[in-house]
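S.K.: Quick one: structure below, then a few questions.
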Amino acid sequence: MEFQHTSVLLEETIENLDIKPEGIYLDGTLGGGGHAYEVAGRLAGGRLIGIDQDEDAIAAAGKRLEPYRERVTLIRDNYANATEALAGIGVHGVDGIVLDLGVSSYQLDNEERGFSYRYDAPLDMRMDRRQRLSAREIINEYSETELTRILRDYGEEKFAKNIAKHIAAARKDKPLETTGELNEIIKAAIPAKMRATGGHPSKRTFQAIRIACNRELEVLQDSLDGLIDLLNPGGRLCVITFHSLEDRIVKSIFRKNENPCTCPPDFPVCVCGKVSKGCVITKRPILPSGRETAENSRAKSAKLRVFEKKKEDGK
C-alpha cells in the first residue's frame, strides 16, 4: 500500500515557521513528508532533518523528498530522542521544528496495522513495529482497572469501566486477536441508544489503546521542553494536535516556557530565578479553514500552536 497522507494546516505551518533559506529545520513526525517537502523547497544552503519511527514513513518520505536529497537527512527514531539523534550527525541547534501529531492516513487505512475500527485486522497499533508492546498485549494482559484508566483518561470514554469489564470477561475464554473482536465487545458494552449518537462506538476506545501503545502523551509531555531548548534564538516550534489531551499539554508547556516564574503573585520582584525561554506566538490556536475541513474531514479537530525561542537581543 502506498504511503499517503494529506498534511493538515500546511500553509499555516509553513508561514509560522518563518523559514530562512540557510536555516536548519526538523520535522519530528515526518509521515509522508508533506510538511518536510514544503520546507525543503524553501531552503537554499539550509538543511532539513526528518525523523519518524515508522519505517514505511521513512521510505515514502525518502521518495517524496528525492528532488531535495542534497539538503535532506532522514532518521528513523522517535522525536523524543531528537536532541541525541541530531547530536549524532553534528547538529546542536535548529531554526524551526514541526510536530504533526496526527496518525497518518496510511496508518489508518492500512488494514494490517490495526489502527482502525473500520477493518477486521490483527490488534497491533504500533507506530514503531520494532517495539514489543502492541494493542494485543494491552487488551489481553493489562488489568481491568488499568484498562478502565486508559479508556477513561486517553479516550475520554464515559463507558470505560463497562468496556473494560466486557474485555476482561471475553479474554477469559481465549486471547483477543483482532480489531473485529474488540469492536463487538465495545458494541455490547455500550447501551444501544448511546451507540446511535456520537459517531462510531469504538472511536474513543481505539484512540485510547493507540495512545497507550505508543506512549503518545508521555512522549509529548517529556519532549517539548527539550525541543524548545534545541531551537536557535528566534527559532520556532510548530505543533499540530488532534484532540484535547494533546492540545492541553502543548498549551500548558508553551505557557510555562514563556512564563516559568513560580514566585507567589504578591511578590514585588521575582526571586525564583527562572527565566523565560521565549514567547507563545499563538495566543489562540490556529484552526483549519472551512475549505480545508470540507476537503479533508480528518482536519476538523486539528489545532496549531507556535512557540518562538527568545532572540539574541532578548526580545
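The values are calculated or read from the model by the stated rules, or taken from the named source; none is laboratory data. All values derive from a computational prediction rather than experimental measurement. Positions of Cβ are generated from backbone atoms using ideal geometry, with glycine treated the same way; all protein chains shown enter the neighbour counts. Ligands, DNA and RNA are stripped out before the accessible areas are found, and what is left, the full protein with its side chains, is counted by its heavy atoms. Shrake-Rupley method; radii C 1.70, N 1.55, O 1.52, S 1.80 Å.
S.K.: Could you list all residues from segment 81-114 that are part of a loop (DSSP other than H, G, I, E, B), closer than 23 Å to Ile186 by Cβ and open to solvent by 10 Å² or more (accessible area, probe 1.4 Å)?
M.R.: Keep residues of segment 81-114 that are part of a loop (DSSP other than H, G, I, E, B), which gives 88-93, 101-104, 110, 114.
If we keep only those that are closer than 23 Å to Ile186 by Cβ too, we end up with 102-103, 110, 114.
Once the filter is applied, which keeps residues that are part of a loop (DSSP other than H, G, I, E, B), closer than 23 Å to Ile186 by Cβ and open to solvent by 10 Å² or more (accessible area, probe 1.4 Å), segment 81-114 yields Gly102, Val103, Asn110.
S.K.: Continuing with the same structure: Somewhere in segment 303-311, is a residue open to solvent by 60 Å² or more (accessible area, probe 1.4 Å), farther than 25 Å from Lys20 by Cβ, under 13 Å from the mean Cα position of the chain (by Cα) and not aromatic (Phe, Trp, Tyr)?
M.R.: So far as segment 303-311 goes, yes, one or more of its residues are open to solvent by 60 Å² or more (accessible area, probe 1.4 Å), farther than 25 Å from Lys20 by Cβ, under 13 Å from the mean Cα position of the chain (by Cα) and not aromatic (Phe, Trp, Tyr).
S.K.: Could you tell me which of the residues Ile19, Ile49, Ile58 is within 22 Å of Pro233 (Cα to Cα), more than 14 Å from the chain's Cα centre (by Cα) and open to solvent by 10 Å² or more (accessible area, probe 1.4 Å)?
M.R.: Step by step, each of Ile19, Ile49, Ile58 is checked, and only Ile19 is within 22 Å of Pro233 (Cα to Cα), more than 14 Å from the chain's Cα centre (by Cα) and open to solvent by 10 Å² or more (accessible area, probe 1.4 Å).
S.K.: Out of segment 209-251, which residues are among the aliphatic types (A, V, I, L, M) and farther than 20 Å from Ile51 by Cα?
M.R.: Matches in segment 209-251: Ile209, Ala212, Leu245, Ile249.
S.K.: Read through the list (1) at positive phi; (2) in contact with a Lys or Arg (Cβ under 8 Å, 6 or more places away or on another chain); (3) open to solvent by 30 Å² or more (accessible area, probe 1.4 Å), then give the number of the only condition that Gly278 fails.
M.R.: (3)
Residues checked against (1) within 14 Å of the chain's Cα centre (by Cα); (2) among the charged types (D, E, K, R); (3) surrounded by 13 or more Cβ atoms within 10 Å (Cβ to Cβ):
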| residue | (1), (2), (3) |
| --- | --- |
| Arg236 | no, yes, yes |
| Val239 | yes, no, yes |
| His243 | yes, no, yes |
| Asp247 | yes, yes, yes |
| Asn257 | no, no, yes |
| Thr262 | no, no, no |
| Phe267 | no, no, no |
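S.K.: With the condition being in contact with a helix residue (DSSP H, G or I) (Cβ under 8 Å, 6 or more places away or on another chain) and modelled with pLDDT of 95 or more, I'd like the helices (runs of 4 or more DSSP H) fully within segment 139-205 carrying at least 2 qualifying residues. Full working, then the answer.
M.R.: On the way: elements: 144-155, 160-170, 179-189, 192-195.
In segment 139-205, the matching helices (runs of 4 or more DSSP H) lie at 144-155, 160-170, 179-189.
S.K.: So which residues in segment 149-182 are hydroxyl-bearing (Ser, Thr, Tyr) and closer than 15 Å to Gln207 by Cβ, if there are any at all?
M.R.: Tyr154, Thr179
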